[in-house]
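Following: one structure in structure tokens, then a few remarks.
The values are calculated or read from the model by the stated rules, or taken from the named source; none is laboratory data. Predicted, not measured: the structure shown is a model, and the values here were computed from it. As a convention, Cβ positions derive from the backbone with ideal geometry for all residues, glycine included, and neighbour counts pool all protein chains shown. Please note that ligands, DNA and RNA were not included when accessible areas were found on the heavy atoms of the full protein model with its side chains. Shrake-Rupley method; radii C 1.70, N 1.55, O 1.52, S 1.80 Å.
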Amino acid sequence: MTMTDLALIGNPNSGKTTLFNILTGTNQHVGNWPGVTIDRKSGKLKHDDSYNVQDLPGIYSLSPYSSEEIITRNYLLQSHPDQVIDVVDATNLERNLYLTLQVMETGTPLIISLNMMDLLKKQGNRSINLKKLSYMLGVPVVSISALRKQHIDKLINQVKTAKDHPINYTYPKYDSRLESAIDMITAQIKDLVPEPQQRWFAIKLFERDEDINNAIDLNDAQKQEINGIIQDTEKIFDDLSDSIVVNARYDFIARVINMCVVDSNDFTESMS
Ligand code: GDP
Ligand code: K
Ligand code: MG
């Protein structure tokens, strides 16, 4: 039997464990991640034990600062899950999409499960156009309520569809001046990193991420070239490289929100 590794990723309190419990039922194994006292829950999908489901620690970013971030980031980049369900809290869309973009930068196939839809409805001041959201990000979006067990079957169908038709999204594109820097860095590493992860490595090198710097064997000429690209781009933006990337992600999210979200407050203001 071919096994499919399915991992749940998302911000803390987005509903990952609630969803994990529904997906796996009693088929759970609870342990610890190696070397840390952070719970590790994994299990087989209920009614289909060809899926291994992994509940990953909740994080806001794929930076290598907290144990949670390191575990999740290494899991994505080294264990290469076949599919990722990104559990997004619909009532905190902007903040949650910040992680979504980073997962997309790694090239990992993902499905967005827009959770807490019951709460969003109850709050009653915002609506999200799911079709547009899916279109703008280029990934499937399924709205659910894990708490009320709503639309879980739809999500499972989407997971199974993605197995036969792997998701091929385009990477989110940022400011064109940043994109040129990423392209030039990618050219330096194209023989050192497998294609789907080149963009992630290039962005991380641009951010001067030490772990990624240590993970690839750049020669002195390449290091110098990359340093030059980073410094030139910092001059153009008059900003530090990691903050250039943070701003680029938030600009992208602002465009997505602008297209996909209607706040009733905006509507009231525009009427007066
Ligand atoms: P995790 O940190 O991502 O694992 O999140 P949890 O699964 O522990 O959920 C965090 C809190 O959100 C808990 O109190 C859940 O009961 C609640 N929760 C999870 N999913 C939903 C949902 O769809 N709607 C509502 N209203 N609450 C939810
Ligand atoms: K929690
Ligand atoms: Mg949890």
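Numbers for the structure displayed
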| quantity | calculated |
| --- | --- |
| Where the chain is the region considered: accessible area per residue in Å², 1.4 Å probe | 51 |
| Dipole moment magnitude, nearest 20 debye, the chain about Cα centre, only Lys, Arg, Asp, Glu C-beta charged | 1280 |
| Sum of -39500 (n - 2.57) over DSSP H runs of 4+, divided by residues of the chain (222 nm, nearest 500) | -15500 deg cm²/dmol |
| Too-long pairs where the Cα-Cα distance tops 27 Å, listed order kept, from Lys44/Lys121; Lys173/Lys204; Lys122/Lys173 | Lys44/Lys121; Lys122/Lys173 |
| Estimated translational D of the stretch 103-244 in µm²/s (Stokes, Kirkwood radius over Cα pairs; 25 °C; 0.890 mPa s) | 139 |
| Prolate/oblate/rounded label for the stretch 24-94 (Cα gyration tensor, a/c 1.5) | oblate |
| Three-way shape label, the stretch 4-164, alpha-carbon gyration tensor, a/c 1.5 | rounded |
| For the chain, alpha-carbon Rg relative to the globular expectation (2.2 N^0.38 Å, N residues) | 1.05 |
| Rounded if a/c under 1.5, otherwise prolate or oblate - the stretch 1-44, Cα gyration tensor axes | oblate |
| Cβ-defined net charge surrounding Met3, 12 Å radius [Lys, Arg +1; Asp, Glu -1] | -2 |
| Neighbourhood charge, 13 Å Cβ-Cβ cut-off, centred on Asp238 and excluding it, Lys, Arg +1 and Asp, Glu -1 | -1 |
| Alpha carbon convex hull of the stretch 176-253, volume per residue in cubic angstrom | 87 |
| FRET efficiency for Glu234 and Ser61, using Cβ-Cβ distance with R0 set to 22 Å, rounded to 0.05 | 0.60 |
| Value of Rg to Rh for the stretch 88-176 (Rh from inverse mean 1/r over Cα pairs, i.e. Kirkwood) | 0.97 |
| Per-peptide average of other Cβ atoms within 10 Å, ordering 165-173, 136-144 highest first | 136-144, 165-173 |
| Local electrostatic count, His47, Cβ distance below 13 Å [Lys/Arg +1, Asp/Glu -1] | 0 |
| Carbon plus sulfur fraction of accessible area for the chain, probe 1.4 Å, in percent | 49 |
